[in-house]
Amino acid sequence: MGMTMTQKILARAAGLPQVEAGQLIEGRLDLVLGNDITTPVAITEFKKAGLSAVFDKDKIAIVLDHSTPCKDIKSAQLCAACREFAGEHQIAHFYDVGRMGIEHALLPEQGLTAPGEVIVGADSHTCTYGALGAFSTGVGSTDMAAGMATGLAWFKVPSAVKVELTGKLGPYVSGKDVILHLIGAIGVDGALYQSLEFTGEGVASLEMDDRFTICNMAIEAGAKNGIFPVDEKTLDYLKGRVDREFTAFEADPDAAYAREIVIDLSALRPTVAFPHLPSNTKTVDEAAGRPIQQVVIGSCTNGRLKDLREAAAILKGRKVADGVRCIVIPATQQIYLDAMAEGLVADFIQAGAVVSTPTCGPCLGGHMGVLADGEWAVSTTNRNFVGRMGPTSSMIVLASPAVAAASAVAGAIADPAAL
């Protein structure tokens, strides 16, 4: 029986010639990730277990991004614990204020993720790196502690859902619309503990930033991971970033899939997800006109340069509507610099938006954009659960950067093509 991309990567990590869905394996880790919220818990477990050394200081990344620059005393203490641990163990990839970025945009940018690698992170959106043909998945802080100490983790090999992409995206349609459409079709548990494996001739038309967005939200369909095949666009992205050897795996022609789905990219419309689930999707045509009070453009899902370009193209020469707060958050310092060099930051500010340092901030209701009672936000983040961005009476609509920017101008959910 043939293997999927994910199964081949896990077989390599386990030192086995073959694995199959449901099999329990112990695999070698290429990278272990934590952030300022999850790493302190892992440090506590690390010490509680009597551990005194990490398996490889070059294969651990700690990124301070969720509540940084620190918003209060508690967040400052959590960051201090991370700094102390990183210093004690000489963690090579430690990212603090000034060097930081949102972890799932920063690590690929820094060349820490590559095809064929096994990456775990104490953050559920670690599945982002499947865009590069890696197996990456979120784990708990205890698993992070064990991974830092041993370089190993247990996995149950997932079965796979094959998502065949055909056609090309139309105007104002992006990777965010693709993944929202898919989640709307199969539900938040539609790929529970399965690998979402994207394939088909439509893949070639997707930019890397679209692929990162799609894999980032694989977890919102319940998936263990999302993964794309490695092609010329992948290799171009890796050039100048990754200088170590890597292996690009392809699914076998006779690989078994639990389910196969076909998505015609050319048929998609801009799509949004209404409260309180990413699966509660509507096309922008169905949702247009709902008044809003806030727009957030950023996050590990949609804070990359392509996202900012798409938002700025709509905001340039226009004004954010009265009564709407528009918050733009470049995902890394480099993206911020690139956006400045292209004049995008000036476009945002002149339109009446505020531009923040890289941070997860408002996505988890931490800071830099918490909602008040009854307020509605259009956000390019990945979750719209009850109370995610403020009180339980607040509402979040998930959308692409183009729809978010158009909504900021209209003061209500809006189709960018209608401006």
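The values are calculated or read from the model by the stated rules, or taken from the named source; none is laboratory data. Everything numeric here is computed off the predicted structure, so don't read it as measured data. Cβ coordinates were reconstructed from backbone atoms using ideal geometry, including for glycine residues, and neighbour counts include every protein chain displayed. What goes into the accessible areas is simple: the full protein's heavy atoms, side chains included, and nothing from ligands, DNA or RNA. Shrake-Rupley method; radii C 1.70, N 1.55, O 1.52, S 1.80 Å.
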Specify whether the C-alpha gyration tensor of the stretch 279-419 places it in the rounded, prolate or oblate class, a ≥ b ≥ c being the square roots of the eigenvalues: rounded for a/c under 1.5, otherwise prolate if a/b is larger than b/c and oblate if not. oblate
Taking all pairs of distinct Cα atoms, average 1/r, flip it, and tell me the Kirkwood hydrodynamic radius of the stretch 305-386 in Å to one decimal place. 13.4
Candidate lysines for bridging to K8, where Cα separation is under 16 Å - those fewer than 8 sequence places away on the same chain excluded: K156, K162, K224
For the stretch 230-349 (alpha-carbon point model, no solvent) the Debye-based log₁₀ I(q)/I(0) at q = 0.09, 0.14 Å⁻¹ works out to -0.42, -0.93
Mind listing the Cα extents of the stretch 258-298 along all three principal axes, in Å, largest one first? 41, 22, 21
So for H367, H181, H104, what's the accessible-area order with a 1.4 Å probe, most first? H181, H367, H104
Under the classification rounded if a/c is under 1.5, otherwise prolate if a/b is larger than b/c and oblate if not, where does the stretch 35-102 fall, given a ≥ b ≥ c as square roots of the Cα gyration tensor eigenvalues? oblate
Which lysines, if any, have their Cα less than 22 Å from the Cα of K47, not counting same-chain residues under 8 positions apart? K57, K59, K74
For K319, give me every one of the lysines with a C-alpha distance below 23 angstrom, ignoring sequence neighbours fewer than eight places off in its own chain. K306
Where the accessible area of the chain is counted over protein heavy atoms with a 1.4 Å probe, how much of it, in %, is carbon and sulfur? 52
Which listed residue (S195, Q110, V355) has the Cα farthest towards the positive end of the charge dipole for the chain, taking +1 on Lys and Arg C-beta and -1 on Asp and Glu C-beta about the Cα centre? V355
Relative to the compact-globule estimate 2.2 N^0.38 Å (N residues), the Cα gyration radius of the stretch 154-228 stands at a ratio of 1.06
Per DSSP H run of at least 4 residues, take -39500 (n - 2.57); add these up for the chain, divide by its residues and hand me the 222 nm value, nearest 500 deg cm²/dmol. -8500 deg cm²/dmol
Go through 87-93, 402-408, 198-204 and give me the packing order, highest mean Cβ count within 10 Å leading. 402-408, 198-204, 87-93
Signed unit charges on C-beta, dipole axis of the chain, positive-most listed residue Q23, T166, Q77: Q77
Can you give the alpha-carbon Rg of the stretch 66-142 over 2.2 N^0.38 Å, where N counts its residues? 1.18
So how many Å³ per residue does the convex hull of the Cα atoms of the stretch 279-333 work out to? 118
Roughly how many debye, to the nearest 20, is the charge dipole of the chain about its Cα centre, given +1 on each Lys and Arg Cβ, -1 on each Asp and Glu Cβ, and no other charges? 700
Rounded to whole Å, √(5λ) for the Cα gyration tensor eigenvalues of the chain, largest first, gives 32, 26, 19
Can you classify the stretch 139-264 as rounded, prolate or oblate using the Cα gyration tensor, where a ≥ b ≥ c are the square roots of its eigenvalues, rounded means a/c under 1.5, and otherwise it's prolate if a/b beats b/c and oblate if not? oblate
Just order 146-159, 303-316, 19-32 by mean Cβ neighbour count inside 10 Å, highest at the front, would you? 303-316, 146-159, 19-32
So how much accessible area does M340 have, in Å² to the nearest 10, using a 1.4 Å probe? 110
Report the convex hull volume per residue for the stretch 110-166, counting only C-alpha atoms, in Å³. 111
Computed over the Cα atoms of the stretch 231-296, what is the convex hull's projected area averaged over all directions, in nm²? 9.0
If only Cα atoms are counted, what is the Rg of the stretch 105-209, and what is its Dmax, in Å? 15.2, 48
With the convex hull built on the Cα atoms of the stretch 1-137, state its orientation-averaged projected area in nm². 8.9
On the full set of protein chains, 1.4 Å probe, figure out the accessible area of K168 and give it in Å² to the nearest 10. 140
Using a 1.4 Å probe and counting only protein heavy atoms, arrange T283, T392 so the residue with the most accessible area comes first. T392, T283
12 Å cut-off, amide nitrogen to a point 7 angstrom out along Q23 Cα→Cβ, residues in the stretch 132-162: 156-158
Can you give the accessible area of S124 in Å² (nearest 10), computed on protein heavy atoms with a 1.4 Å probe? 40
Plugging the Cβ-Cβ distance of L152 and A418 into 1/(1 + (r/R0)^6) at R0 = 45 Å yields, to the nearest 0.05, a FRET efficiency of 0.25
